[in-house]
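K.L.:
Could you have a look at this structure, given as structure tokens, before my questions?
Nothing in this text is a laboratory measurement; each read-out follows from the coordinates by a stated rule. Worth saying up front: this structure is predicted, and the values here are computed from it rather than measured. Neighbour counts run over all protein chains shown; Cβ positions are idealised from the backbone, glycine included.
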Amino acid sequence: MHGPNFVLAIIAICMTAWVINNLIRARHGYPVSDDWGRNLKKGDADQDRQVRLLANENERLAGQVGRLEERIAVLERIATDPAVRTAHEIDALRDR
């Protein structure tokens, strides 16, 4: 392989490797790159929407965890308090 065939073979190998690299990156959720290795910003609207949805779900779950912690604290207090004190508190609630 002498002359331009060698150069053309190197160019073809590099281009094929770049295409395969971008296919693998796209398949696994990584951003696709251009010829110079810079990531393309295609699909930012979908990513922004997904970030907003995850942030909302995070807030909802944080609130739910807070409520569950309060309930666990009450259950721990009931389990560790003496039975007489708990009975007096229940009677006080019935008298209301």
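K.L.:
Could you give the length gained by full extension between Ile11 and Asp46, i.e. 0.36 nm per residue of separation minus their alpha carbon distance, to one decimal place?
P.N.:
Extra length available between Ile11 and Asp46 comes to 9.1 nm.
K.L.:
Could you tell me the calculated FRET efficiency between Thr80 and Glu59, based on Cβ-Cβ distance and R0 = 25 angstrom, to the nearest 0.05?
P.N.:
The calculated FRET efficiency here is 0.20.
K.L.:
Run the dipole for the stretch 51-96 about the Cα centre, Lys and Arg Cβ at +1, Asp and Glu Cβ at -1, nothing else charged, and hand back the magnitude in debye, nearest 20.
P.N.:
So the magnitude is around 140 debye.
K.L.:
Could you line up His28, His88 from fewest to most neighbouring Cβ atoms inside 10 Å?
P.N.:
Result, fewest neighbours first: His28, His88.
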